[in-house]
Structures are given as C-alpha cells and as structure tokens.
1. Highest GNM mean-square fluctuation, the chain, Cα pairs closer than 10 Å: which of H211, H403, H116?
2. Tally up the carbon and sulfur contribution to the accessible surface of region 324-413 as a whole percent, 1.4 Å probe, everything protein left in place.
3. Using a/c under 1.5 as the rounded threshold, could you call region 295-395 rounded, prolate or oblate? The axes a ≥ b ≥ c are square roots of the C-alpha gyration tensor eigenvalues, and prolate needs a/b larger than b/c, oblate otherwise.
4. Charges on Cβ only, +1 for Lys and Arg, -1 for Asp and Glu, centred on the Cα centroid of the chain; of F407, P317, L302, which one is farthest towards the dipole's positive end?
5. At a 10 angstrom cut-off on C-beta neighbours, averaged per residue, how do the peptides 392-398, 144-150 rank from highest to lowest?
6. Just to confirm, what accessible area per residue do you get for region 86-211 at 1.4 Å probe, in whole Å²?
7. Beta carbons within 10 angstrom, averaged per residue: use that to sort the peptides 49-55, 340-346, 350-356, highest first.
8. How much of the accessible area of region 146-269, in percent, comes from carbon and sulfur atoms when a 1.4 Å probe is used?
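The values are calculated or read from the model by the stated rules, or taken from the named source; none is laboratory data. Quick caveat, the model's predicted, so the values are computed rather than measured. Backbone-built Cβ (ideal geometry, glycine too); neighbour counts: all protein chains shown. Heads up: the accessible areas ignore ligands, DNA and RNA and are worked out on the full protein's heavy atoms, side chains in. Shrake-Rupley method; radii C 1.70, N 1.55, O 1.52, S 1.80 Å.
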Amino acid sequence: MDRIYTLITVLFFLIIWMMPAQLTAQSSSNYELIPAPDLWYNDADGIRVGVRVKGQVPGTFEDGPHRLDAGVWLSTWFPDLPVSYYASYTNPIQQWSDFGSEASYQLITSVRAGYHRHGVALNKRWQEGFDERRYRELSLFNSYEKRFDDEYAAFPVLWSDQGKLKSSLSAELKNDNSLGWYKLDASWGVQLLNDFYTQFTGSFSQNVQFHKYWGLNVRLFTGMASVNSAPEYLFSRSSAPAMNTVYNGVTRAKGTIPQPWMESGKFQIAGGANLRGYTAQDVDTFLSSSSEQNAIVAPFLLNSIASVNAEFDYFNPIALGFNRIPYVSEFLSFRSYLFFDAGRSLELIDNEPDNLFADAGAGFSLSLNIPDYLGKSRGFVFKYELPFWLSEPGMQDNFKIRHLFSFGAVITL
C-alpha cells in the first residue's frame, strides 16, 4: 500500500507541475508564476521554511484557466519526512461555464503534517448576475487519504491509521429572505477501502438583523456516521470532527496552536455540533483515552448528533470604535453576544446517550476578513467566551464562570 500512494503522489505532482510549465514554455507572456516565501510552525516540523507559488494567465486574477496553487516546504527539525508539499491545479470546463457560474475540474495532491491527500474534484457554481453573495455550489470529490504519522495530531486517539478511498458530494447555498441572509450546507460521503462506511452532515444558518448592532444568528446542525466509521469522522459535542482540522493551516498540526492550550480544555476548534461549553469535558476524555494503553477509557464521540446554536448580538462601544476607523473597518470587526447551544444524539447506534446537552453564556469575537475573488470569507475569527451555565456539568455546579478561547466560527453570514 505504501508503494501505491507513493506512486499516486509522484503522478499527481508531475501532472500538476507540468501543465503550467508547458504553457510557460510555449509563451512566457501567456502564463505567470508568482512565488512568495512562506514560514510556519508546528511541534513536529519546527519552523517550516518554503515557498508558495500562484500560477495564472496574466490579468485573470485567480479567475481564469490553468490556475495553480502550490507550495513546498523544508522542516528545520528534520522529522522522518522533512519535505512536504501541496499542489492544486484548477481548469474551467468552458461548455458548462458562464460569467460567475463556472464549472471546473481540480487536481489536488499533498503530503504534509503527517497526512496524505490526493484527489480529483468536479465543481460547479451558479451565481445570480453580478451579486457574489447569492450563489449555489456543487462539488464531487474522489480521493485517497491516510494519516501516516500521529506525531502531528493534537489528539492521536481521534485518528485511524487506515488508508481511505473516499467519494464525497457537497452542496452549498447562500441567499437572503425576509428575515435576512441564510446559508445551507450539506455533505455526504462514502469510504470504500477495507471497512465500508458513510457520513452525512448538514447545517442551516439564518441571520436576523434588528439594527446595525443588534441581531440574532441561528444555526441548525445534523451529523451522522455509520457504525464502522473511523474516529476522525465521529462527532464530539463541542468541536469539529478531527477530519476537519486538516483543511486549515492553524489546526492541521499539533503545536501551531500551543498544545498546552489544547489540552487545558479552554481552547475550542469551532465546528460540528458546537456545544462550546462542553469543550473541557470532551478534551478530558480524549486525554484519558490517550493515556490508557488498552484504550479502556473511550473518548466521548457520537455517531449522530443534532444541535442548535444561537447568538444574540448587542451594542458594544468597541464595535462602534472599529466601525469608525477608516479602511480598517472594511476588514476588521468586533462582536459582543450572548449564546445558547443545545444538542443530543439521534441514537443512530446502540448505547448512545439520550440526554439533552445545553449551555449558555456570553462572548466576544474579533474577525479579520479579506474576501476572495468570489466574495467568500478569507481570514480568521478569534473568540473569547464565558459559558456560565451547563445542563450536564459533571462534578461541577451548573452555574459557574468558565473561560473559553475559540478559533473559527460556525455562523458566518
């Protein structure tokens, strides 16, 4: 099997790099490669030094044919695999494309942070005229993936070491209604190598704006994974499934977010059911499971869960100050809000708990957003939250001030 995914890696890498190279050889004025230095850090690689390259037809601004996004890095701590890379080649399918409504195929290959990922995607977008905020997207992605080094995982107990041959279909819709902006996401996938299993996630978010500084954001979430699913696809109460962490550079490898923060239970990776007040309880089970040689203590993971998240925005003078800063207010925003989360298992398999978990508290968030060429959010959200009530507090009191720092947001409209 090692030879198979090594061969896949080499083939993808050669195909993606040769396509723009051939264009450049034909006419240097018809294609441009834009390199940029890149530095990153994690606890396995140390400081990772490399270069990222954007490839495009001049003047297309990431919206033309033969788009390349690639990078190669050297790990200064020289782990077992000190060289890592990522490459993505995207090309429109002209027969199915129109302005703002592109169809494309995409080749992706990467070996980084202890994870192999190689795949082919077909993507289609439908946009209403020139308004990038209203769109529908559909994507079919087929890939081979494998966690080959647990040293990069913040919680190794949440990962399997089996190769996965995956096929997934995802859809996204964003538009507005009489209440405000809403977004619908759904994803369904199957794993075909060795044990067969399937997963489904779906969410619906609605924004209700009462005033510039007053509003309500509501999110409904459902996740289901069949009985044989690998642990990286199962659902905790508080955070995104482990599989989601490989898609973001901040969460991809242990140590970019300091590991003591993660193990303290006071730092949350937003996503999934997002019952944020239960982060510490969930992390305790991850650590207990990791410390048991025979895994007697299982991590608290569910095959199914449904939840609701609600955030009520209220006026804060700091937010007003941000909005008065010229230019900065276009990219930085500050929010203050009260939140409530509730969720429970759908009891998809035997022995899943049937009790309702809920929490409530107050929070503050700082977000940086520099939209991409499609108008989608590109940046980060950092939050400080105070879950002061839990319905299932364990050995603690229901009412208690708890401190929680978070990266990411599940309601982005």
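1. For the chain, modelled as a Gaussian network with Cα springs under 10 Å, the answer is H211.
2. C and S atoms contribute 62 percent here.
3. It is prolate, given that a/c is not under 1.5 and a/b is the larger ratio.
4. My answer, from the dipole projection, is P317.
5. Ranked by mean Cβ neighbours within 10 Å, highest first: 144-150, 392-398.
6. Here the residues of region 86-211 average 47 Å² of exposed surface.
7. Ranking the peptides 49-55, 340-346, 350-356 by packing returns 340-346, 49-55, 350-356.
8. 59 percent
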